[in-house]
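Worksheet: one structure, shown below.
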Amino acid sequence: MPFTVSAMLANPAHARIYLFESFGTRIAVVSTRILQVVVTITVPQGLHTDIGIGWFSISPSGNRIYVTDANADGVSVISTSSNSVVAFVPFPLYVVGVTVADFGQRVYVSSPNANTISVVDPTSDQVVRTLSMGLCPKPGVNEKCEITDLTTSPDGRYVIGASGRTDSIVAIDSVTNKKIDQTRLFGLKCPSDGFNGINAAASQVSLFI
């Protein structure tokens with residue numbers, strides 16, 4: 001590898017694996033047929049230095065990759081056919097989590113400092129709706145939910161958000177854009193404790209702390 005890898009994303013539809021550079025701007029594209037790097041994508045705005053599993057996502061077709069940027073408040077849209085950044089979706093505040101839901105029709109992006117999740121139309125790469133996540137603080141504590149990592153249920157309908165500060169996960173129905181469930185987890189002791197990644201498979205959600 002030409003750089004130190006911090007995360008990996010699989011694209012079974014195109015027989016590709018994407019390896020994210022740690023403390024950098026590059027994504028190596030690896031062919032799963034020959035197990036070699038075939039091209040390197042440069043993300044001008046940069047990657048999260050400690051990129052987590054919930055901070056990038058791929059469309060069901062495998063044609064688009066969405067990755068949150070560290071040095072700019074927004075999401076880079078990568079075409080897997082041209083292996084290049086084809087769009088950038090800006091946000092007014094810091095963004096972290098990104099996932100594709102609503103059966104591939106919408107992209108969800110979390111802005112923890114704004115306490116919101118934005119809904120992006122992938123055909124226009126424009127924010128079409130903003131969801132307030134202010135209803136999930138710990139009992140008796142006046143603090144924001146600060147959802148960071150996002151993922152999607154295997155059927156493509158539900159968005160799962162992880163909030164390390166409030167020690168909980170939140171489920172959103174992407175068809176109605178309504179919060180349908182919230183679950184407390186481990187009882188984290190420190191307010192700065194958080195989740196470094198989130199993934200969903202079958203009927204379970206895995207969190208990385």
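Just a few scattered comments:
- Failed condition for Asn11, given (1) out of contact with any Pro (no Cβ under 8 Å at 6 or more places or on another chain); (2) at pLDDT below 90; (3) buried (at least 17 other Cβ atoms within 10 Å of the Cβ): (2)
- Residue satisfying all of: in the range 14-62; in a helix (DSSP H, G or I) and either modelled with pLDDT of 90 or more or not hydrophobic (A, V, I, L, M, F, W, C) (or both); nearest to Val159 (Cα to Cα) among these: Gly54
- The range 128-152, residues that are surrounded by 19 or more Cβ atoms within 10 Å (Cβ to Cβ) and either assigned to a loop (DSSP other than H, G, I, E, B) or modelled with pLDDT under 80 (or both): Met133, Cys136, Cys145, Glu146, Ile147, Thr148
- Qualifying positions in the range 79-104 - part of a strand (DSSP E or B) and not aliphatic (A, V, I, L, M): Ser79, Ser84, Phe88, Pro90, Thr99
- Looking across the range 60-99, just one residue is open to solvent by 70 Å² or more (accessible area, probe 1.4 Å) and β-branched (Val, Ile, Thr), and that is Val86.
- Gly197 meets each of the listed conditions (1) at pLDDT below 80; (2) under 27 Å from Ser59 (Cα atoms); (3) open to solvent by 20 Å² or more (accessible area, probe 1.4 Å) apart from (3).
- Boolean, Asp102 is under 15 Å from the mean Cα position of the chain (by Cα) and open to solvent by 40 Å² or more (accessible area, probe 1.4 Å): no
The values are calculated or read from the model by the stated rules, or taken from the named source; none is laboratory data. In this text the structure is predicted, and so the values were computed from the model without any measurement. Backbone-built Cβ (ideal geometry, glycine too); neighbour counts: all protein chains shown. Ligands, DNA and RNA are stripped out before the accessible areas are found, and what is left, the full protein with its side chains, is counted by its heavy atoms. Shrake-Rupley method; radii C 1.70, N 1.55, O 1.52, S 1.80 Å.
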